[in-house]
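What follows draws every value from the coordinates through simple rules; no lab data is involved. These figures come from a predicted structure and were not determined experimentally. Please note: Cβ atoms are built from the backbone with ideal geometry, for glycine as well, and neighbour counts cover all protein chains shown.
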Amino acid sequence: MKMAFEKAKEEAKKRGNGEISHIRVPKIKKISVPNQAEIDKAITITREYMAVIYDHMFDIVSFARHIAAASAEERDLCVKEFSELKGEISSHLNLEEKKPDRQTGISISVKESLVLIAKQAYALALASTLPPDKAAILEAVNGGGNLPLPGLIELKVLSPLESTDAGALTVKIYGKKFCVLIEKQDFAEKLGKVFAEKIRHEVKSRCLAMEAKATISVDQLLDGDHGVAFLRVLDENDKNGKFFPGGSLLLGSDGKKIVILEDAGGFERKMEEIRKAKIYLLLESVKSGKIFISPDLPENLRRNLSIFCAVVRRGIKAKKAADEKPDA
């Protein structure tokens, strides 16, 4: 053993100019652990805060929405009150002082926990108080609009879903998925349900308004009449189990060509894409199912034209089946 050590020593001298490198032993750091009294106090503070913050946030956001929706004169009279509401919300959502609160004895970790709870309460209040209006629902996510309160993306409660976010908690808003950055399953489920219910009511309201704009029936549209027809398209699963969302369409026709004027429902994002691209269907294609496509048409437009035709034919097929069904 001694000979081996001497040999290693000689080799070390050759490599390191006669000096042996010393092994550095990491220092043992003292870790402070809160005592049980501090833990109990933190739990008590958190529970007391949770018991009141959800209703408090709901009341504040509801009042803020009431002021924002009021007449210009009423808003002018409530400038001070609205500013106070925003200040109250901000005081719960922002952890401005990253120091323990000497007056209450609340530590930084407890403060951060309370802010996280406040963000959840605010998000649920913002979603729960939404009117049946698509613009307002999107503003709750993105911010801006008539209600100058932080949106859920700005607050880092939600973020657009990326391809790398596999396994993340998500909510779907008008067909688009968002990551829930507060990684709590129960919160994500509650927020998703609230948004889904608000969107369901908004879409139903919009469909009724669309239907009222119709000037001709679907049968008249197929007969070549000029006008606007309302078509409801049901969700569908193909024989392989693939899901195809439905919705409602307001179709305009000049007797030969059919275009989308308005759309609502599960297929809304795709129908909006088709509408904005000004894609039209020939009436003959709707009747026969044969699409007349120019060879010069880009692939994405070809695909969307095929989707448009399939959706319209699906809606017409379901309508005919319903019309032929005997009354109960």
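Looking at the calculated P(r) for the range 36-207, what percent of the C-alpha pair distances fall above 25 Å? Pairs farther apart than 25 Å: 39 percent. Couplings 3J(HN,Hα) for the range 305-318, derived from phi with the Karplus relation 6.51 cos²θ - 1.76 cosθ + 1.60 (θ = phi - 60°), are 5, 5, 5, 4, 5, 5, 5, 5, 5, 5, x, 5, 4, 5 Hz, where x marks Gly and Pro. With point charges of +1 on the Cβ of Lys and Arg and -1 on the Cβ of Asp and Glu, referenced to the Cα centre of the chain, which listed residue (L155, S32, A196) lies farthest in the positive direction of the dipole? In the chain, that residue is S32.
Once the other residues with Cβ under 13 Å from the Cβ of R75 are scored (Lys, Arg +1; Asp, Glu -1), what is the net sum?
It works out to a net charge of -2.
Placing pseudo-labels 7 Å out from each Cα toward the beta carbon at A37 and E73 gives an inter-label distance of 6.1 nm. The phi-based Karplus calculation (6.51 cos²θ - 1.76 cosθ + 1.60; θ = phi - 60°) puts the 3J(HN,Hα) values of the range 113-120 at 5, 5, 5, 4, 5, 5, 4, 5 Hz, whole numbers, x for Gly and Pro.
In which sequence would F243, F267 go, from the one with the fewest C-beta neighbours within 10 Å to the one with the most?
F243, F267
Summing Lys and Arg as +1 and Asp and Glu as -1 over all other residues whose Cβ lies under 13 Å from the Cβ of K172 gives a net charge of +3.
Here the Karplus curve 6.51 cos²θ - 1.76 cosθ + 1.60, taken at θ = phi - 60°, turns the phi angles of the range 233-244 into couplings of 10, 7, 4, 8, 10, 7, 5, 8, x, 6, 8, 10 Hz, with x standing for Gly and Pro. Selection among F292, L249, V233 by position relative to the dipole of the range 218-324 gives F292 as farthest towards the positive end (Cβ unit charges, Cα centre). In the range 218-324, Rg over Rh equals 0.94, where Rg is the alpha-carbon radius of gyration and Rh the Kirkwood radius from pairwise Cα distances.
Residue exposure proxy: D133, D40, ordered by other Cβ atoms within 10 angstrom of their Cβ from fewest to most, comes out as D40, D133. Extension gain for K239-E299 works out to 19.0 nm (0.36 nm per residue, less the C-alpha to C-alpha distance). The charge dipole of the chain, taken about its Cα centre with unit charges on the Cβ atoms of Lys, Arg (+1), Asp and Glu (-1) only, comes to about 1740 debye. Annotation: amide H-H contacts under 5 Å for I173 (H modelled 1.01 Å from N, sequence separation of 5 or more, or interchain): F178. Computed over neighbours whose Cβ is under 13 Å from that of E197, the net charge equals +4, Lys and Arg +1, Asp and Glu -1. At an R0 of 41 angstrom, the distance between the Cβ atoms of L181 and K27 translates into a FRET efficiency of 0.70. How many nm separate the modelled label positions at K256 and D223, each set 7 Å beyond the Cα in the direction of the Cβ? So the two model labels end up 2.1 nm from each other.
Computed over the chain, the convex hull of the alpha-carbon atoms projects to a mean area of 35.7 nm².
The region of the chain that goes longest without hitting one of the GluC sites (Glu not before Pro) in a DSSP loop, each with at most 10 other Cβ atoms within 10 Å, is 184-328.
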